[in-house]
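First comes the structure, then the notes that go with it.
Where a number appears in this text, it was derived from the coordinates with a stated rule and is not lab data. This is a predicted model, so every value here is computed, not measured. Neighbour counts are summed over all protein chains in view; Cβ atoms, including those assigned to glycine, are modelled from backbone coordinates with ideal geometry.
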Amino acid sequence: MIEVNELTKRYGRATAVDGLGFTARPGRVTGFLGPNGAGKSTTLRMLLGLDEPTSGTALVGGRRFRDHARGLRHVGALLEAGDVHGGRNGRDHLRVLARSNRIPAARVDAVLEEVGLAAAARRRIGGYSLGMRQRLGIAAALLGDPPVLLFDEPLNGLDPEGVLWVRGLFRRLAAEGRTVFVSSHLMSEMENTADHLVVIGRGRLIADQPLADFAARGPGFRVLVRTPEPERLTGLLTAAGATVRSVPEGLEAVGISADRIGELAFEHRVLLRELAPRGASLEDAFMELTADSVEYTTANSSQGGHA
């Protein structure tokens, strides 16, 4: 588990992370989102002990990362795929990491096979493509078979096959009971991969909730519902904070996710014949809720903005 509590990081007069608090739990993929300059990378660096917090705590498995004797057995991380020695081959790079963390050498070949780099293992990393370096970085994160994994922009440079592979990998790791924490700018991938979202802006928490609930906060998001008990369901949804109106197809609910409607209907034994989200996407919700936290805006999105 990842636990961040009142985490703050200041650089002189500038505050990069401001009283941030959230928890990323085992068994799910948690997406970590925010505009450029929101403090995502600084938060990841503090989680890994690369930056010291000004105040607050960033814990992995209830301890600071530096307090884990063999870090790669507890936390696997990919922060910067290009931050490797280009003169080494891929296998030797992983062997050095394995030896320093007392990980069996056989594990090196296993992760190279898993990420699809077995055939390129003896090639120098300097000749790897960006996508190959990403795969090598993921292999390094998997090396210690850790319960917690952190990935910063893991899809950079990957082709469509690689994107599908990473998506399936994250889902599998979460299904095994691991904590998977993924920072990304790709909203479409978060929609297909994440169960839960932590969204920050200007170093502060904006949202910490299931993906479906976050998407439901976007402008224009609504859910079409058909049921033989419209009056009863309307009462349940209104009590849950939704706005409900009748439409020719049935009921249209605003301010509530399709998942939550399904849960309420199940709890109260209301039959549903159709449950269909419509309108806003995750990207719409993200743009709406982080609009005041964007550090740089283009000229046509904000008057007087900077490209």
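Quick notes on this one:
- Only the Cβ atoms of Lys and Arg (+1) and of Asp and Glu (-1) were treated as charged; on that basis the dipole of the chain about its Cα centre amounts to roughly 1220 debye.
- Length gained when the stretch THR57-ARG167 is fully extended (0.36 nm per residue, less Cα-Cα span): 36.6 nm
- Cα gyration tensor, region 222-278 - rounded (a/c under 1.5), prolate or oblate: rounded
- Debye intensity ratio I(q)/I(0), log10, region 131-216, q values 0.17, 0.22, 0.25 Å⁻¹ (C-alpha model): -0.75, -1.18, -1.40
- Every Cα-Cα pair of region 2-208 was included, and the share exceeding 23 Å stands at 44 percent.
- From its DSSP helices (H runs of at least four residues, each -39,500 (n - 2.57)), the chain gives a residue-normalised ellipticity at 222 nm of -9000 deg cm²/dmol.
- Those residues of region 195-218 whose amide nitrogen sits under 14 Å from the label point placed on GLU288, 7 Å along Cα→Cβ: 212-218
- Highest-fluctuation residue, ALA175, ALA16, ALA106 considered, GNM on the chain with Cα pairs under 10 Å: ALA106
- Estimated inter-spin distance, GLU274 and ARG124, nm [label 7 Å along Cα→Cβ]: 6.3 nm
- Cα long-axis angle, helix 90-100 against the chain (0 to 90 degrees, to the nearest 10): 90 degrees
- Nearest 10 degrees, 0 to 90: helix 160-175 Cα axis against the chain principal axis: 80 degrees
- Share, in percent, of DSSP beta bridges within the chain that are antiparallel, nearest 5: 65 percent
- 3J(HN,Hα) from dihedral phi, region 32-45, Karplus parametrisation 6.51/-1.76/1.60, rounded to Hz, x for glycine, proline: 10, 10, x, x, 4, x, 6, x, 5, 5, 4, 4, 4, 5
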